[in-house]
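The values are calculated or read from the model by the stated rules, or taken from the named source; none is laboratory data. Owing to the predicted nature of the structure, the values given are computational and were not obtained by experimental measurement. Because the Cβ atoms are built from the backbone with ideal geometry, glycine has one as well, and the counts that use them run over all protein chains shown. Calculation scope for accessible area: heavy atoms of the full protein, side chains included, ligands and nucleic acids excluded. Shrake-Rupley method; radii C 1.70, N 1.55, O 1.52, S 1.80 Å.
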Protein chains: 2
Amino acid sequence: MTSSPRATQPKYQRIAEDLKRDIDSGRYRPGDRLPGENDLMVTYGVARMTARQALGVLQTEGIAEARKGVGVFVREFRPIRRRGIQRLSGRNWGSGFSVWSTDIGPRDLTVDQLTVAEREVPEEIAAVLGLKTGESACVRSRRFVLDGKPVLLSESYLPAALVTGTRITDPDTGPGGTYARLAELGHKPVHFQEHIRSRMPAGDEAERLALAPGTPVFLVHRTAFAEDGQVVEFNAMVLDSSAYILEYDFDA
Amino acid sequence: MTSSPRATQPKYQRIAEDLKRDIDSGRYRPGDRLPGENDLMVTYGVARMTARQALGVLQTEGIAEARKGVGVFVREFRPIRRRGIQRLSGRNWGSGFSVWSTDIGPRDLTVDQLTVAEREVPEEIAAVLGLKTGESACVRSRRFVLDGKPVLLSESYLPAALVTGTRITDPDTGPGGTYARLAELGHKPVHFQEHIRSRMPAGDEAERLALAPGTPVFLVHRTAFAEDGQVVEFNAMVLDSSAYILEYDFDA
DNA sequence: GATTTCAGCATCTCTAGACAAGCTGAAATC
DNA sequence: GATTTCAGCTTGTCTAGAGATGCTGAAATC
């Protein structure tokens, strides 16, 4: 009873992997025709539906495309395959997430609230928030853990005047998350966001993400404005590049 | 022989649409259990594989998720369904694209080079590019057309000193596009990018995108830096919100 | 009461067929 | 030579089964 990783791998999966390997290796190049259903039936000795299922995997992942009556072809411009997240949909920052990837199916994302405190913030961040000297902001630090691996550290700054007495910084903010809470208070934020390719700086954050300093990461700086132009949040994030989050939605 | 839009719609598609409608209408809410294979077999009088195929559609689109041995459930946090592009992969900006969406399969994206000229640019853009007064930039205007509908206008500014005598601004820039050409010249750009939700301003651009002024659009401002900090490109884009491009890859 | 066992139900994989529908290129026709 | 027809290929849809595998909760056991 060895716990071999693929004790009984489904046939269709093995066939799909063979095809993918042949594509990666250059045996089949973009535009080339792949073995069709009939070919796979003969080569692997499987039924039509099993061969179809294998080819379906490649189509779902955007690697191949079938032309009815003609054959199955390697896509000319196919997505760069990532080990990371393909799609993340969360209207509910703070109370749990679900992550989905074409490559490997659903995944678990949890959010740990590390700290939350009200304090004076560095000058440059105060400037972004439009705070005068002496005014303080609510700083919330959170860590996002994907399938057991920490992938994102987030530090969120909200003007204290905006959040005192509200539940905005509760660990579980409820449906809609921070932005929904802000909306309840009359602020419907629009955000500006910068994605910056960088390398992991040494220090605390590297440890909490379990990343060696120098590892490629993304820095994401998000500034959220209310309709009247007031800055209601500044958020600095460090994100493991290999788990780059491609889509997030803050809309309610 | 009426050309009814769904003369003979496949059964699995009809079932999938029924389920989606019931989810949209709130009959099944996030976390709820959907009718399983056996239920659909009875309700619709179809074979197991057909029922599976219907449920597979919802899973591929990230709307539902199956738990083996338990059932099929509406995902707690499911992607906001868009009419537009789910994924765009192009390592080949300028020489043709192919676009793929989970919702509706492959789509055609073409890129028209509208104009390209060397000229002095507005002061604020010259500032971004680090140009002194009198220096000029190469301005390339392109339009991206998705399935016949214009969805994106792009205006790209490159320091003239960088591009004169190169093929960077050829309509067909070849494999890898602009960024690959820049890399050949010793610049490996890193880009900052802002996504700004806005509304279509009146004028030329509204016409070329065939969008009524006031329509929700995204403004994307991208600034590309070489490793030495030099700005090698500034790109201003106006993007039809309904065709929001979620992923683009400039990496080689 | 706490633990273990297990029947029942669900999805997952797979088979061996069948017919429909779209495409291609060669043969037949004009 | 130009056009049309059509056989033969392809993928698309669908059936009616089967066993494997994973989960759950209730019953049996400790």
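Some values worked out for this structure:
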read-out	value
Residue tally, condition of a type in the set (Asp, Glu) and more than 10 Å from DNA strand D (Cβ to nearest atom), over segment A:31-48	1
Unmet criterion (only one of (1) at pLDDT 90 or above; (2) among the hydrophobic types (A, V, I, L, M, F, W, C); (3) under 26 Å from B:Asp240 (Cα atoms)) for B:Met41	(3)
Subset of segment B:30-48 [in a helix (DSSP H, G or I), touching an Asp or Glu at 6+ places or on another chain (Cβ under 9 Å) and near DNA strand C (Cβ under 8 Å from one of its atoms)]	B:Arg48
Residue, nearest to B:Asp22 (Cα to Cα), within segment B:59-74, restricted to residues that are in a loop (DSSP other than H, G, I, E, B) and within 30 Å of the chain's Cα centre (by Cα)	B:Ile63
Sole exception among (1) charged (D, E, K, R); (2) away from DNA strand C (no atom under 11 Å from the Cβ); (3) at pLDDT 95 or above for A:Glu65, by number	(3)
Matching option when the condition is part of a loop (DSSP other than H, G, I, E, B) and either modelled with pLDDT under 95 or loosely packed, with under 11 Cβ neighbours inside 10 Å (or both), among A:Gly26, A:Gly56	A:Gly26
Qualifying positions in segment A:124-139 - within 27 Å of the chain's Cα centre (by Cα), modelled with pLDDT of 85 or more and either surrounded by fewer than 16 Cβ atoms within 10 Å (Cβ to Cβ) or farther than 16 Å from A:Met237 by Cβ (or both)	A:Cys138
Output for segment A:140-162, where each listed residue is over 20 Å from the mean Cα position of the chain (by Cα) and touching a residue at least 40 places away in the same chain (Cβ under 8 Å)	A:Tyr157, A:Leu158, A:Pro159, A:Ala160, A:Leu162
Segment B:52-65, residues that are within 11 Å of DNA strand D (Cβ to nearest atom) and within 14 Å of another protein chain (Cβ to nearest Cβ)	B:Arg52, B:Gln53, B:Gly56, B:Val57
Segment A:15-36: number of residues that are among the basic types (Lys, Arg) and within 13 Å of A:Leu55 (Cβ to Cβ)	2
Subset of segment A:152-163 (residues that are open to solvent by 30 Å² or more (accessible area, probe 1.4 Å) and closer than 13 Å to A:Arg119 by Cβ)	A:Glu155
Residue check, A:Ser101 outside the structural domain of A:Ile168 (by TED's automatic domain parsing), away from DNA strand C (no atom under 11 Å from the Cβ) and at pLDDT below 90	no
